[in-house]
Every structure is written in structure tokens, then in C-alpha cells.
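One structure below.
The values are calculated or read from the model by the stated rules, or taken from the named source; none is laboratory data. What you see is a predicted model; the values in this text were computed from it and never measured. Quick reminder, even Gly has a Cβ in these numbers, built from the backbone with ideal geometry, and neighbours come from all protein chains shown.
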Amino acid sequence: MFFRYKKLIGDELRARGENSRKVESVIACNILNRLKLLGSPQSELIA
């Protein structure tokens, strides 16, 4: 997960202001959560 984060977002925040950094972090987390949902396999119990 961290590899994906660093590959897509980068190692550091680009925003200069404190509020902008918070927004950037929230956006990055939302992107990672969306990628996790798209990439996780759906499994079912077969009896």
C-alpha cells in the first residue's frame, strides 16, 4: 500500500500552507481508499 502511495502521490507534500497540506493528505488518502476498493478481490464461500 505504501509503495502505491509513494508511486502515485510522491514522497513529500507539495503544498506550502498548513491547511493546504491537510487537504492534500485527505485527498491522497481518499485516492488510496478508492484504489484499495477497486483492487481487492471479491470472495465467496462455496459449500
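Results for (1) assigned to a helix (DSSP H, G or I); (2) at negative phi; (3) exposed (fewer than 10 other Cβ atoms within 10 Å of the Cβ), shown as yes or no for each residue.
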| site | (1), (2), (3) |
| --- | --- |
| G10 | no, no, no |
| L13 | no, yes, no |
| R16 | no, yes, yes |
| R21 | yes, yes, no |
| E24 | yes, yes, no |
| L32 | yes, yes, no |
| L38 | yes, yes, yes |
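Determine the pairs where a residue that is under 15 Å from L32 (Cβ atoms), located within region 5-19, has a partner that is basic (K, R) with Cβ atoms under 9 Å apart, the partner being 6 or more residues away or on another chain.
Within 9 Å, the pairs are L13/R21.
What about E24, is it within 17 Å of the chain's Cα centre (by Cα) and modelled with pLDDT of 85 or more?
Numbers: within 17 Å of the chain's Cα centre (by Cα): yes; modelled with pLDDT of 85 or more: yes.
When the stated conditions are applied, E24 passes them.
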